[in-house]
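Shown next, in structure tokens, is the structure this report addresses.
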Amino acid sequence: MMLQVLAFRGIVVYRERKRQRAKKFWQPILLESVVSVPLQISRLKRSDAYEFLTLWNNLRESLYDNQVEKLNETARTAGADIAARRFLKKGNVRKRLMAVRMLGNLRDKESWDALEELLGQVDATLSFTAAQALLQIDAEKAVKIVMPLVASRTDWTHEAISLMFKEVGADVISLPLSKAVIAACRKNCPAQEADTLVQHVPPSRLIHLMRFSHPRFVTYMVRYILLTMTDLETIAAALKVSDDPAILPAVRQFLSDERWQIRVNAANTIGRTGGAQDEQLLISALHDKEWWVRYRSAQALASLPSVDLEKLENIAAAQTDNFGRDILRQVMAERRLV
Amino acid sequence: MTLIDFIVAAQWGFLLFFVFLNGGYLITIFLAFLKLPDYLQHQVLRYKLPRAPGDFLPPISLVILAYNEEQVIVSSIYSLLQLDYPTFEIVVVSDGSKDKTLEVMREEFRLTQFPEAFRYRLAHKPVRTVYQSTIYPKLRVIDKENGGSKADASNAGFNGARFSLVCPLDADTVLQPDSLKLLVQPFLENPETIAVGGTVRIINGCQVQDGVLTQKGLPTNLLALFQIVEYLRAFLFARVGFAAMNALPLISGAFGLFHKESVIAVGGYKLDGLGEDMELVMRLHSHFRLHGKPYSISFVADAACWTEVPESLSGLGRQRIRWQRGLMESLMRNRKLMFHPKSGLLGWFSIPFMFFFEGIGAGLEAVGFLFIIASYALGLMSLDAFVAFIMLAIGMGLLQSVAAILLEEMTFNTYPKIRQLLWLMFAVIVESFGYRQLNSLWRMVGLFRWLFETESIWGEMVRTASWTSKAVGIVDSKRLKAIPYSLQSKAAGTPLLRTKYNWLFKTESIWGKGGGIDSLTVKSPDSMTPIAIDSEKQKSILSSLPKDSATGVGNVATVLADDLWEEAVDEEIEHKEI
């Protein structure tokens, strides 16, 4: 077995040398092609294909979209797109992932069907990377297929979806996402279009993503949720994405909700969007039995445009119990440090 | 039953024990070989490409437990300040240190008293003062009365943490810049995750500069070297194997990430006893499983932290005896999990494995060896059988160690030089003769001490900290004044094109690029010494680099940041005015 370890080390060294050779050959060409297409580009050898894909993807994702035209041309001239499609059909996970990423970065329309097929994979990384690629190729078309999966594929992480939506942009996602949120909220309504997929998903998962939508969609959705929904996670999620003072009347009511998680989020929202008329409401929340509500209310109070440090000190001095006074002192100290 | 019958039965009994023991280890080895390479294949985009959801990761509270750590605490904090993670805070719990731990922090990080409305949700000794750094907003220090245990300090850290994910760390722990990003993944992938463990690697023999691990190496001290092999076995096999069954019984106290409310729901760390890290994880299992609540406790093999291990026999012996006692205490306190109908593979595999093989098995193993040797010496065992048994026992140990090195080669390849590999192989062979048996003996002592309930005390670990060099901060006013304000660009070549993360540049013969920057090193223009900056600052620098001020190689950008130094000087002046 020790010999096996040594033999394996030999393989590792051999692979690394091969990788370095490919890198030494292709990296200058790729870098050169950012500014001009090199005159002579040799065809990509099979043995160099994975390293090429890695280098190309790495460079491509470091560049702004208006800098990539020549780099794309170099990839196609070298035959990297063909290599990527080959990896897609038969390659290990590592190669397939790198290939999917390249085909997306290249906006390779020819690979649409193969990538769409990957969406159904049990492997979450592979299916998510395929979704990203499809959105890169044709966002309008892909969003109709991807949105129901965003709701149902709970193995796609919220953070990765956030990045994907941020890249796609509010123009593309606002409407389909709003529809998906409504569908998820209306669990008892008859199924329509993609609704069957989202009915079993907690709406909060989708609501958190609303921050990548246009503000008018967010306002509409938050108002709808605050008026119609009652469950904790959904309301808390809606309060988190709410940034429109127009919703304040509804938000204020939640500062006296029996669930502290909702009171915390209501205080945060008032802090972001409230005004002088909310001061008294927040001062009374400084006596809340839950520490987090007191803390967020104090922070909200401090962030109101009508409240400065001097006013905070006066409010603290006027407190009749230690809870309110202590938490205000902490928040004032935080403010002074900032 | 005659004496001979008894001895024969005992011999068979010990043989059976060794078969089951090694069978158990083989199952975890098999699972690790199955899972780990596949997991790493899935991480390829994260490792090789720059596009990642970094901005959307949940915030984390890092809790450093410090008791008499004046030698390493500043370096550790600088190391953490340079982590590649979007939002985190550092909460240092100074557990009534008798040395200058608090003073060195106060001076280096300009701590000021902070009127925190501290919440005592978990039990611990009273907090004396909370401090806030005036130059690093994400750094706070909780100075509390000494509680005599790590558990007491950890509970204070959980109470003081502001974010919902808490990562308790030892003061001498050095994290890799991407460790947190990797460790948090299970929380993103599965909302039912309540705790995640990372790999602990050994820092003895490595080089750390300004709190950053700059060179991975192997120690020349044999005891530390043997422990590297042990840690590889423990983290690459046992943890990966158990986690694959959602039956991980232990997350190392040196590096784990916990959902704060879950820890608070089970009452935090127990203040009495020694194995507080394992006991907490067992209690979390117990609480969630027996109440039928869905949950997951996971392990991330590529999220690594580096920590110092004892290099003396006495230090190591004390540590192992303590671990053994801690193990037995944790198992016995949560014994209801064993073979409980609701306990799943945890109760039917992990815990029995830990109890019979790692727990009382330690005693049995030592007794077994002695018994077999005595049987042979008294002529009650043939030479063939004796040699076969010894060879089998040592051979199985060797098999596990070599398999661990093979898996390490297949996955992380932490020690890439052939000399290092040979040195590790040497350790594998030598540790089988003497070191392992000594370990069994220490564990047996630990077992006896647990049985006879001698007092539980925490021995002090003697740290050499030979791997670390002095940290350089941005607050050394003498150095700041000596720095010329005008930018003396040392850019290696002509900048060609600005990308999202860096500048492409060209020299006469070499092309360089900075695509996929993972971290940013800011260096002073005169001495090229690194300056610690937080991630927000990194982002702002990256987005506003003047055209001729940056060069980049590989995944690290180097900025000769004259303007940042001017900012630091301004801060310095402002501070003095205050």
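Once you average over the residues of B:393-404, how many Cβ atoms of partner chains fall within 10 Å of each Cβ? Before the final figure, lay out the partial values.
Values: counts 0, 0, 0, 0, 0, 2, 1, 0, 2, 5, 3, 0.
Average neighbour count from other chains, rounded to a whole number: 1.
Modelled spin labels at A:K70 and A:Q261, positioned 7 Å past Cα toward Cβ, are 5.4 nm from each other.
Summing charges over all other residues whose Cβ lies under 9 Å from the Cβ of B:G273, with Lys and Arg as +1 and Asp and Glu as -1, gives -1. A simple count of charges around B:F355, restricted to other residues whose Cβ falls under 15 Å of its Cβ and scoring Lys, Arg +1 and Asp, Glu -1, yields +1. Pairs of Cα atoms in region B:233-376 fall into 5 Å distance bins, from 0 up to the last occupied one, in shares of 2, 9, 17, 21, 21, 15, 8, 5, 2, 1, 0, 0 percent. For B:G211, the residues whose amide H sits under 5 Å from its own are B:S469, ignoring neighbours fewer than 5 places away on the same chain, with H placed 1.01 Å from N. Rg/Rh for region B:68-138 stands at 0.96; both radii use Cα atoms, and Rh follows the Kirkwood definition.
Note on A:S303 and B:S164: the model spin-label points, each 7 Å out from Cα along the C-beta direction, lie 1.7 nm apart. For B:L175, the amide hydrogen comes within under 5 Å of the amide hydrogens of B:W306, counting only partners 5 or more places away or on other chains and with H modelled in the peptide plane.
Residue by residue through A:157-167, how many Cβ atoms from other chains fall within 10 Å of the Cβ on average?
Working: counts 10, 6, 12, 5, 2, 4, 6, 1, 1, 3, 1.
Taking all residues of A:157-167 together, the mean is 5.
In summary, the helical segments of chain A meeting the span-like criteria, namely a full DSSP H run, a Cα extent along the axis of 30 angstrom or more and a mean Kyte-Doolittle hydropathy of at least -0.5, are A:2-35.
When the solvent-accessible surface of protein heavy atoms is calculated with a 1.4 angstrom probe, in what order do B:K260, B:K181, B:K293 fall, highest first? Walk me through the intermediate numbers first.
Numbers: B:K260 10, B:K181 50, B:K293 85 Å².
Descending accessible area places them as B:K293, B:K181, B:K260.
Remind me, relative contact order of region A:202-338 in percent, using alpha carbon pairs under 8 angstrom and six or more residues apart? Spell out each step's value before the answer.
Details: 170 pairs, mean separation 23.1, N = 137.
The normalised contact order for region A:202-338 reaches 17 percent.
Per-residue ellipticity at 222 nm computed for chain A from its helices equals -22000 deg cm²/dmol, with DSSP H segments shorter than 4 residues left out and the rest contributing -39,500 (n - 2.57).
Quickly rank B:418-429, B:299-310 as a protection proxy: mean count of other C-beta atoms within 10 Å, highest first. Please report the intermediate quantities before stating the final value.
On the way: B:418-429: 16.7, B:299-310: 22.8.
Ranked by mean Cβ neighbours within 10 Å, highest first: B:299-310, B:418-429.
Rounded to the nearest 0.05, what FRET efficiency do B:E453 and B:L34 give with R0 = 30 Å and r taken as the Cβ-Cβ distance? Could you check? Write out the running numbers ahead of the final one.
Values: r = 41 Å, r/R0 = 1.38.
So, using R0 = 30 Å, E works out to roughly 0.15.
For chain A, the relative contact order works out to 8 percent when only alpha carbon pairs closer than 8 Å and six or more residues apart are counted.
Chains A and B: how much accessible area gets covered up at their contact, both sides added, probe 1.4 Å, in Å² to the nearest hundred? Mind showing how you got there, number by number?
Numbers: alone 18380 and 25780 Å², together 39030 Å².
What A and B bury together is about 5100 Å².
The accessible area of A:R107, taken with all protein chains in place and a 1.4 Å probe, comes to roughly 80 Å².
Residues of region A:46-62 whose accessible area (probe 1.4 Å, heavy atoms of protein chains only) drops by at least 50 Å² once all protein chains are present, relative to their chain alone: A:N58, A:E61, A:S62. For the set B:H291, B:H124, A:H214, B:H285, the ranking by accessible area, highest first and with no ligand, DNA or RNA atoms included, is B:H291, A:H214, B:H124, B:H285 under a 1.4 Å probe. Label-to-label distance for A:T230 and A:E167 is 4.2 nm, based on points extended 7 Å past Cα in the beta-carbon direction.
Averaged over the residues of B:38-44, the number of partner chain Cβ atoms lying within 10 Å of the residue Cβ comes to 5.
In this calculation the C-beta distance from B:Q437 to A:K45 is compared with R0 = 41 Å, giving a FRET efficiency of 0.15.
Report the normalised scattering of region A:202-338 as log10 I(q)/I(0) at q = 0.21 Å⁻¹, calculated by the Debye formula with identical scatterers on the alpha carbons. Reported log10 I(q)/I(0), two decimals: -1.16. The simple Förster model, with R0 at 51 Å and r as the Cβ-Cβ distance, assigns B:L222 and A:Q121 a FRET efficiency of 0.55.
Which semi-axes, in whole Å and largest first, does the equivalent ellipsoid of chain A have when worked out from the alpha carbon gyration tensor as the square roots of 5 times its eigenvalues?
Numbers: eigenvalues 509, 128, 75 Å².
Calculated on Cα positions only, the semi-axes equal 50, 25, 19 Å.
In the structure shown, do any of A:K144/A:K166; A:K144/B:K35; B:K98/B:K150; B:K138/B:K181; A:K95/A:K144; A:K90/B:K417 have a Cα-Cα gap over 24 Å, and if so which? Spell out each step's value before the answer.
Details: A:K144/A:K166 17 Å; A:K144/B:K35 34 Å; B:K98/B:K150 15 Å; B:K138/B:K181 18 Å; A:K95/A:K144 27 Å; A:K90/B:K417 33 Å.
Exceeds cut-off: A:K144/B:K35; A:K95/A:K144; A:K90/B:K417.
Put simply, the amide H of B:V92, placed in the peptide plane, has neighbours under 5 Å in B:I64, B:R140, B:V141, B:I142, leaving out anything fewer than 5 places away on its chain.
At the listed q of 0.20, 0.34 Å⁻¹, the Debye profile of region A:72-112, built from one uniform point per Cα, gives log10 I(q)/I(0) equal to -0.51, -1.22.
The Cα atoms of region A:236-306 define a convex hull whose projected area, averaged across directions, is 3.9 nm².
Over the C-alpha trace of region A:1-96, radius of gyration and Dmax come out as 15.4, 53 angstrom.
Restricting the calculation to alpha carbons of region B:53-171 gives Rg and Dmax of 13.3, 43 angstrom.
The values are calculated or read from the model by the stated rules, or taken from the named source; none is laboratory data. What you are looking at is a predicted structure, and each value in this text was computed from that prediction instead of being measured. Virtual Cβ from ideal backbone geometry, glycine too; neighbours counted across all protein chains shown. Note: areas computed on protein heavy atoms with side chains; ligands, DNA, RNA excluded. Shrake-Rupley method; radii C 1.70, N 1.55, O 1.52, S 1.80 Å.
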